[in-house]
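The values are calculated or read from the model by the stated rules, or taken from the named source; none is laboratory data. Predicted model only: the values in this text are computed from it and were never measured. Here the Cβ positions follow ideal geometry from the backbone for every residue, glycine too, while neighbour counts run over all protein chains shown.
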Amino acid sequence: MRGFVQDKAEGNSTLSEIKKVQDEISFDAFFGCYAYVTQSGFRFFELNIGKSFWQRTTSRWLLGIDYGRSDPRAMKELAGRKNSEVRIFDGHFVVNSPGFKPRRDFHPKAAMTENTATGAQGMVLGSGNFSYNGLWRSVEAGASIITLTKPDTTKYIKPVTSGFEALWDAACPLKDVVSDYEKKLSELASAKDAERSPIGDRSAHGFWIEAGYVTKNRGPQKPGNQIFAPNGFRKYFGLGRAKASSTLIGEITFETAAGSKIKKNYRENDNGMEKLTLPMPEANGFGVYDGKVLVFEPSNGEFVLSAIEREEFERCYGHRLVNIGKMGGGRRYGEYV
């Protein structure tokens with residue numbers, strides 16, 4: 001048994017504990033139970049645990065959709081991986097409840113693992129959800145347990161796994177609720193956007209865009225740093241159209257969370273959209289951009305860049321959003337005052 005406080009400087013995290021258990025018992029069965037999951041969590045997990053995880057491990061994921069916190073795209077990514085199955089706790093009830101309000105909150109953060117050949121088992125329990133913040137960035141705490149004998153497993157692991165196995169048996173498959181969940185989430189977002197106050201005489205303070213899926217432009221083992229933006233998004237950066245016979249619209253200087261100033265290209269793309277190249281996420285305090293909301297604050301011709309989880313963005317900026325638009329794939333963008 002060992003406890004940990006999540007601290008990037010020390011290299012301790014929820015994910016690093018899962019990797020330690022993986023190294024120590026070579027598990028081939030994984031059972032993850034999390035209150036919610038985000039695209040950033042899925043992408044960060046896959047990049048760091050390795051794509052071979054899906055080949056050699058049978059994984060099950062018992063997830064919550066309480067209050068609409070889980071990202072349906074992340075859940076579908078998990079369900080689409082080899083040897084992986086996703087179920088939703090009390091899914092039929094919650095998806096039909098106004099605001100996705102549960103009758104009993106689903107709030108665990110637990111990873112249970114087993115080497116089915118040797119019988120060794122491991123478990124990582126803590127406060128970190130299946131998001132980039134929960135797996136790596138935020139201040140979290142937890143403990144990991146490894147058992148090599150049946151008596152120890154019965155004493156330390158089984159009291160937890162038996163409870164979650166019963167919940168798994170009662171849960172519904174993701175496919176039964178994900179379409180309704182995705183549709184109702186979109187409807188809720190559209191209803192909120194329609195209620196936003198018009199900008200009136202106020203001037204915008206900055207602008208934002210949902211990153212969504214970030215192209216793997218740097219290869220499958222590195223987080224991407226390019227996103228597509230709608231045609232005309234360049235105006236927010238004070239840029240005009242590209243010159244004839246060129247796709248380069250201009251250069252943008254970003255100030256990052258790590259304090260660095262980085263200059264990147266902004267281009268027209270052949271699909272009628274615009275391509276924004278961002279600072280390398282892992283080197284500049286962002287981890288991954290997937291599923292986050294990118295917030296740009298103009299500052300003396302440069303742009304202070306933040307990358308925020310969807311729920312946190314709504315809490316911090318929701319009352320300040322104006323002039324909201326939506327791209328064909330559903331991603332939103334706009335300004336804030």
- Query: If you check N323, N284, which single one turns out to be polar (S, T, N, Q), in contact (Cβ under 8 Å) with a residue 60 or more places away in the chain and closer than 29 Å to R69 by Cα?
  - Reply: N323
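The rows are residues; the columns are (1) surrounded by fewer than 15 Cβ atoms within 10 Å (Cβ to Cβ); (2) over 22 Å from R60 (Cα atoms); (3) out of contact with any helix residue (DSSP H, G or I) (no Cβ under 6 Å at 6 or more places or on another chain).
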position: W136; (1), (2), (3): no, no, no
position: W168; (1), (2), (3): no, no, yes
position: P173; (1), (2), (3): yes, no, yes
position: R196; (1), (2), (3): no, yes, yes
position: F207; (1), (2), (3): no, yes, no
position: A211; (1), (2), (3): no, yes, yes
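I'd like to check something: does the range 97-116 contain any residue that is at positive phi and not in a loop (DSSP other than H, G, I, E, B)? Spell out the reasoning first.
Here is the first cut: in the range 97-116, the residues at positive phi are 99-100.
Checking the rest, the ones that are also not in a loop (DSSP other than H, G, I, E, B) come to 99-100.
Yes; the residues of the range 97-116 include at least one that is at positive phi and not in a loop (DSSP other than H, G, I, E, B).
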- Item | Selection status of G11, closer than 22 Å to G285 by Cβ and crowded, with 24+ Cβ neighbours inside 10 Å | no
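This table checks each residue for (1) in the same structural domain as N225 (by TED's automatic domain parsing); (2) in contact (Cβ under 8 Å) with a residue 60 or more places away in the chain; (3) closer than 24 Å to D23 by Cα; (4) crowded, with 18+ Cβ neighbours inside 10 Å.
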residue: G50; (1), (2), (3), (4): no, no, yes, no
residue: R60; (1), (2), (3), (4): no, yes, yes, yes
residue: D71; (1), (2), (3), (4): no, yes, no, yes
residue: A74; (1), (2), (3), (4): no, yes, no, yes
residue: N83; (1), (2), (3), (4): no, no, yes, no
residue: F89; (1), (2), (3), (4): no, yes, no, yes
residue: F100; (1), (2), (3), (4): no, yes, no, yes
residue: K109; (1), (2), (3), (4): no, yes, yes, yes
- Query: Just to be sure, is A257 closer than 21 Å to G325 by Cα and of a type in the set (A, V, I, L, M, F, W, C)?
  - Reply: no
- Within the range 200-209, identify whether any single residue is of a type in the set (D, E) and modelled with pLDDT of 95 or more, and answer yes or no. no
- Of everything in the range 307-327 that's part of a strand (DSSP E or B) and under 15 Å from the mean Cα position of the chain (by Cα), which residue is surrounded by the fewest Cβ atoms within 10 Å (Cβ to Cβ)? I308
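Using the structure shown, decide if N115 is of a type in the set (S, T, N, Q), farther than 23 Å from K19 by Cα and not assigned by TED's automatic domain parsing to the domain that holds G219.
Details: of a type in the set (S, T, N, Q): yes; farther than 23 Å from K19 by Cα: no; not assigned by TED's automatic domain parsing to the domain that holds G219: yes.
Answer is no for this residue.
Just for the range 238-250: of the residues that are farther than 13 Å from K275 by Cβ and of a type outside the set (G, A, S), which one is modelled with the lowest pLDDT? Write out each step before concluding.
Here is the first cut: in the range 238-250, the ones farther than 13 Å from K275 by Cβ are 238, 240-241, 243-246.
From the residues that got through so far, the ones that are of a type outside the set (G, A, S) too are 241, 243.
Working: R241: 87, K243: 83.
Going through the qualifying residues, I end up with K243.
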